[in-house]
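A.B. asks: Mind looking over this structure? Questions follow.
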Amino acid sequence: MDDSGPPSQSIFRETPSAAIIREIVEPRSYRSLSWAGASAVVIAVGARVVYLLGRPFWFDEFFTLWISRRTPAGIARALRLDSGPPLFYLLEMPFVRLGEMLGTDTVARALPFAAGGAADLGSPAVPGRHRHQ
């Protein structure tokens, strides 16, 4: 009889690949994964901000600016023949107005930028969002 441990440990042997995976996902490695993930997020957000501020507007962004400068009734009329729902343009209106006050249309990119960031943070694939049981 083998007294090296509980029966489950003596019956089931860990394969080399399982040992490597266990080493990767051990709780002590969560801190390094969190730092790596946080660093990647900071770099990605910084690069995206630089890119958003430096590149010219695309056609859909010009369309968003044009339609968001209308009244809600004007938005509904303009979208009558378009496939897009009006909620995005209604939510975009304050950003367009703020951009007009500040003299830059780049502010209109804030809502899609924030929505993209929120979607990324809500993703279960983001490092550091592990559930300990």
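A.B. asks: Looking at the stretch 78-97, which of the residues that are exposed (fewer than 15 other Cβ atoms within 10 Å of the Cβ) and of a type in the set (D, E, K, R) is farthest from the chain's Cα centre (by Cα)?
C.D. replies: Looking at the filtered set, the residue picked out is 80.
A.B. asks: Now for a separate question. Quickly run through the stretch 27-64 and pick out the residues that are within 20 Å of residue 117 (Cα to Cα), modelled with pLDDT under 80 and among the polar types (S, T, N, Q).
C.D. replies: 34
The values are calculated or read from the model by the stated rules, or taken from the named source; none is laboratory data. Note that the structure is a prediction, hence the values are computed from the model and not measured. No Cβ is skipped: glycine too gets one built from the backbone with ideal geometry, and neighbour counts run over all protein chains shown.
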